[in-house]
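So the structure is just underneath, and the comments pick up after that.
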Amino acid sequence: MDKFKNFSDLARHKKEGEDYSVVVREVADSTVAIVAPHGGKIESNTAEMAQAIAAGNYNLYLFKGVLPEGNFRELHITSTHFDEPRCLELVAKSDVTLTIHGCHVDEPVVYLSALDKKLESSLCAAFNKAGIKALTGGHPYKTGASPKNICNKNQRQQGVQIEFSRGIRNNPVLRDKCVQVVRESLKSPAY
Ligand SMILES: [Zn+2]
């Protein structure tokens, strides 16, 4: 259960620049948005992975927890409630949206959930082909299939949520491999 039910609730108690920071980087002509709503110390390495996926090619949004401790407890707003205005604005302009998260599973695994079923299945196949276990169902991290999820608030009302396990986020080699898999998948003609 989150401490704050939405962003305005959080913003009444926490200070930007001191407790959390927001990064928005727009790329002219890109219709893709890469979003890490639980970056910094909320879900470690998700902001770094989102940034590496976006690189100079795609729009980027990061919400980063920068408290000395207790970042998840204090700053985590679940994806179906996450409504920081700059994030909503960037996502609303995009056709393709990927949100990057981290879960507390030690095994290296990627959990996908989505309303953009086409991109979800191409990502899943690409991860598995690269030797990284990925699943689109049969796991508990499935809120990416909710219309309320921030990943689905784009032009087409369908995006993809990616949960990287701790086993991936704590391993620099696997992190890089996952970043490359996502970047390759986004290059396919449909996107
Ligand atoms: Zn998350």
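Rule-based calculations on the coordinates, nothing more; no lab input. The model shown is predicted, which means the values in this text are computed figures rather than measured ones. All Cβ positions, even for glycine, are placed from backbone atoms using ideal geometry, and neighbour counts span all protein chains on display.
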message = With a cap of 11 neighbouring Cβ atoms within 10 Å, and only residues DSSP puts in a loop, list the GluC sites (Glu not before Pro) found in the stretch 7-102.
response = GLU18, GLU69
inquiry  = Treating only the Cβ of Lys, Arg, Asp and Glu as charged (+1, +1, -1, -1), what charge dipole size does the chain show about its Cα centre? Round to the nearest 20 debye.
reply    = 320
Candidate lysines - alpha carbon under 21 Å from LYS129, same-chain residues fewer than 8 apart omitted = LYS117, LYS118, LYS177, LYS187
request  = Have a look at CYS151, VAL23, ALA125 and report the one farthest towards the positive end of the charge dipole of the chain, computed about the Cα centre with Cβ charges (Lys/Arg +1, Asp/Glu -1).
outcome  = ALA125
task = Could you please report the charge total around VAL179, scoring K, R as +1 and D, E as -1 over all other residues with beta-carbon less than 12 angstrom from its beta-carbon?
result = +1
query = Please identify the trypsin sites (Lys or Arg not before Pro) of the stretch 98-182 that satisfy two criteria: DSSP loop assignment and at most 16 other Cβ atoms within 10 Å. Which are they?
reply = LYS133, LYS148, ARG156
ask   = Hey, what number do you get for the chain at 222 nm if only DSSP H runs of n ≥ 4 count, each worth -39500 (n - 2.57), divided across all residues, to the nearest 500?
value = -8500 deg cm²/dmol
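Suppose every Lys and Arg Cβ carries +1 and every Asp and Glu Cβ carries -1, with no other charges. What dipole size does the stretch 4-47 come out with about its Cα centre, to the nearest 20 debye?
200
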ask   = Zone of THR31 (label point 7 Å along Cα→Cβ, backbone N under 12 Å): which residues in the stretch 152-188?
value = 155-157
note = Simple SL model, points at 7 angstrom along Cα→Cβ for SER121 and GLU69; separation in nm is 4.8
message = I need the helices of the chain that pass two filters: whole DSSP H segments spanning 20 Å or more by Cα along the axis, and mean Kyte-Doolittle score no lower than -0.5.
response = 172-186
note = One finds, for GLU89 and GLU16 with R0 = 22 angstrom and r their Cβ-Cβ distance, a FRET efficiency to the nearest 0.05 of 0.85
query = Using the Cα atoms as the points, what is the convex hull volume per residue of the chain in Å³?
reply = 107
Alpha carbon centroid spacing (whole Å) that separates the stretch 32-66 from the stretch 136-191 = 12
request  = For LYS3, list the lysines whose Cα falls under 27 Å from its own Cα; do not include residues on the same chain fewer than 8 positions away.
outcome  = LYS14, LYS15, LYS41, LYS64, LYS142, LYS148, LYS153
